[in-house]
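So the structure is just underneath, and the comments pick up after that.
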Amino acid sequence: MISGQVLRPGDNGYLATAAPNNLRYASRLPAGIAMCLNPNDVAQSILWSRQHGIPLITRSGGHSYAGYSTTRGLMIDVSPISQADFDPSTGIVTIGGGIRNFALYAALQEANVTITHGRCTGVGGAAFVLGGGIGFNMRRFGLACDQMIETELVTAAGTIVTANSTENPDLFWACAGAGGGNYGINTEFKLQTFPVSDLTVFRITWTTDPEDLYSALLSALQAGPSTLGTRVALNAVTPHQFAAGEDVSITLLGQLVGTPEELADILAPAYVVSTPAVATIKQMAYWPAQISFLGEPGVPNRYQEKSSFFIGLPSEEAIDTAFSWARRWPGTSEQAGLVLFQTGDQVNAVAPDATAFVHRNSDWLMSVVLDWGPDDGDALVQNNLQWQKDFYAAMRRFTTGAFINFVDPTLKNWQHDYYGSNLARLQSIKAMVDPHQVFRFPESIRPS
Ligand SMILES: Cc1cc2nc3c(=O)[nH]c(=O)nc-3n(C[C@H](O)[C@H](O)[C@H](O)COP(=O)(O)OP(=O)(O)OC[C@H]3O[C@@H](n4cnc5c(N)ncnc54)[C@H](O)[C@@H]3O)c2cc1C
């Protein structure tokens, strides 16, 4: 018996609760959904599922790229555990394991503080932190997992445990970057916050001289200060569009703790090469900037992303390769391209083995992005997925590893790509806390 509701097929709210953000996986529906109100409900749900031999899966925000919070068994939904309490004396925020970004942002805004966070308001905070957690603040404050001071989780044995640097330190280490769904169900996190600063935020699109611009832009950004957070999208076109004169475009989105004049100085080498087609640059207070300028609702859609890390600037050859593939997109009713997130600085100030997040020497995280719509036929989608696979394979000559938060069901060496030299320790911790793989999905960590 749990204190929350158990939803069965046909119940009010069942379908809406079961639906993942990536509608590609929407047909995999659970036999039941345990809506957990507290850690004890979570423990009871785990024990019930084990007793009845029903596979379980954890759900909070439902934004797993690969649909890894869907199941035909029992979905343990922790989204009702969504409290957020800020302690002004320590600057620590304590959040529930089911909180979503919009509620987390509201609590942080009220306290005038921040953490490293993403842009999509529907993403769940727990899995975001567990997978490392990237965002525009990461070069200044590190990854979200670096801001984790403590977490509470319910283990495969149904035991509620606390993990921090002194209590269950192995589990704490694994929770800092190994990704959601591997070691237990996290019901609470304590995160160190930082005071907010006013920002200059920007969205700038270039459509002329794209290769030269791209190269100059990436160099200029890489030379920028740690107070700069950016995302650079190379927007793909089909061969037909390209032949008709419509070339790839480049969109820079980001924030700077500084003035528009300081931003102009940083971007000067790019402006020399090409004048933007559209530029919106605003000075805004921190949270209004996040919510009304940088934020996105992340409406449910069909998509696949394939990620990897650049160490240093992408070479000329890497840029040529990216452009040649970006101009060969088969086309869907949605969008595709290559997105680069600027990493470096405080992300790399932490040793690769200090947390489970091993990628501590990169300068850019790339993602080959592909979205499609409900009316794009199967053959078209398959054609696009093949293009994405080939694009990614071509880029992998220049990159290393993959990002667990952009979990990718098509990776071959996923364990090595996600975890690198931390894999063996992660496997031995799995053997200690979940030897029977109660927490299991296609790319879950296996016990050693
Ligand atoms: C539109 C969009 C924008 C994104 N932006 C960013 C970004 O800016 N930065 C970034 O780092 N990532 C980003 N991501 C990736 C996101 O952080 C991960 O997909 C994350 O795993 C999603 O968490 P969720 O709770 O929403 O998803 P879910 O599908 O509910 O969960 C994801 C995984 O974690 C497990 N899990 C969920 N809750 C818990 C819990 N409480 N305890 C243990 N395991 C749990 C699930 O079983 C599943 O395996 C984005 C994703 C999308 C779709």
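The values are calculated or read from the model by the stated rules, or taken from the named source; none is laboratory data. Please read these numbers as outputs of a predicted model, since none were measured by experiment. Cβ placement follows ideal geometry from the backbone for every residue including glycine, while neighbour counts extend to all protein chains displayed. Surface areas here come from the heavy atoms of the whole protein model, side chains and all, with no ligands, DNA or RNA. Shrake-Rupley method; radii C 1.70, N 1.55, O 1.52, S 1.80 Å.
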Residue by residue through segment 199-216, note down the ones that are closer than 19 Å to Met138 by Cβ and either over 23 Å from the mean Cα position of the chain (by Cα) or part of a helix (DSSP H, G or I) (or both).
Thr200
Failed condition for Gly62, given (1) within 21 Å of the chain's Cα centre (by Cα); (2) open to solvent by 10 Å² or more (accessible area, probe 1.4 Å):
(2)
Which count do you get for residues in segment 218-230 that are surrounded by 16 or more Cβ atoms within 10 Å (Cβ to Cβ), under 24 Å from the mean Cα position of the chain (by Cα) and either assigned to a loop (DSSP other than H, G, I, E, B) or not polar (S, T, N, Q) (or both)?
7
Looking at (1) within 22 Å of the chain's Cα centre (by Cα); (2) among the hydrophobic types (A, V, I, L, M, F, W, C); (3) surrounded by 16 or more Cβ atoms within 10 Å (Cβ to Cβ), which is the one condition that is false for Ala393?
(3)
Quick one: in segment 418-448, which of the residues that are part of a loop (DSSP other than H, G, I, E, B) and among the hydrophobic types (A, V, I, L, M, F, W, C) is surrounded by the fewest Cβ atoms within 10 Å (Cβ to Cβ)?
Val438
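What number of residues within segment 137-156 satisfy the criterion of being open to solvent by 20 Å² or more (accessible area, probe 1.4 Å) and either in contact (Cβ under 8 Å) with a residue 60 or more places away in the chain or out of contact with any helix residue (DSSP H, G or I) (no Cβ under 8 Å at 6 or more places or on another chain) (or both)?
5
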Looking at segment 232-241, which of its residues are crowded, with 17+ Cβ neighbours inside 10 Å and over 14 Å from Gln335 (Cβ atoms)?
Val232
Does any residue of segment 179-195 turn out to be assigned to a strand (DSSP E or B), aromatic (Phe, Trp, Tyr) and either away from the ligand (no atom under 16 Å from the Cβ) or surrounded by fewer than 20 Cβ atoms within 10 Å (Cβ to Cβ) (or both)?
yes
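Can you confirm whether segment 97-118 contains a residue that is more than 19 Å from Leu199 (Cα to Cα), surrounded by 21 or more Cβ atoms within 10 Å (Cβ to Cβ), in contact (Cβ under 8 Å) with a residue 24 or more places away in the chain and among the small types (Gly, Ala, Ser)? Show your work before the answer.
Here is the first cut: in segment 97-118, the residues more than 19 Å from Leu199 (Cα to Cα) are 97-104, 107.
With surrounded by 21 or more Cβ atoms within 10 Å (Cβ to Cβ) added as a condition, the list becomes 97-101, 104.
From the residues that got through so far, the ones that are in contact (Cβ under 8 Å) with a residue 24 or more places away in the chain too are 97-101.
Still in the running and among the small types (Gly, Ala, Ser): 97-98.
Yes, some residue in segment 97-118 is more than 19 Å from Leu199 (Cα to Cα), surrounded by 21 or more Cβ atoms within 10 Å (Cβ to Cβ), in contact (Cβ under 8 Å) with a residue 24 or more places away in the chain and among the small types (Gly, Ala, Ser).
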Can you give me the ranges of the helices (runs of 4 or more DSSP H) entirely in segment 99-151 with at least 1 residues that are more than 14 Å from the ligand (Cβ to nearest atom)?
101-111, 138-141
Candidate set: segment 1-54, residues that are closer than 14 Å to Leu74 by Cβ and basic (Lys, Arg); chosen: the one nearest to the ligand (Cβ to nearest atom)
Arg28
Boolean, Asp408 is of a type in the set (Asp, Glu) and either part of a helix (DSSP H, G or I) or at pLDDT below 95 (or both):
no
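Residue-by-condition table, conditions (1) open to solvent by 50 Å² or more (accessible area, probe 1.4 Å); (2) polar (S, T, N, Q); (3) under 24 Å from the mean Cα position of the chain (by Cα):
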{"position": "Gly254", "(1), (2), (3)": "no, no, yes"}
{"position": "Ile266", "(1), (2), (3)": "no, no, no"}
{"position": "Pro276", "(1), (2), (3)": "no, no, no"}
{"position": "Ala279", "(1), (2), (3)": "yes, no, no"}
{"position": "Gln283", "(1), (2), (3)": "yes, yes, no"}
{"position": "Ala289", "(1), (2), (3)": "no, no, yes"}
{"position": "Leu294", "(1), (2), (3)": "no, no, yes"}
{"position": "Gly298", "(1), (2), (3)": "no, no, yes"}
{"position": "Gln304", "(1), (2), (3)": "no, yes, yes"}
Just to verify a result, which residue in segment 285-306, among those that are without any contact (Cβ under 8 Å) to a residue 12 or more places away in the chain and in a helix (DSSP H, G or I), is farthest from Gln335 (Cα to Cα)?
Pro288
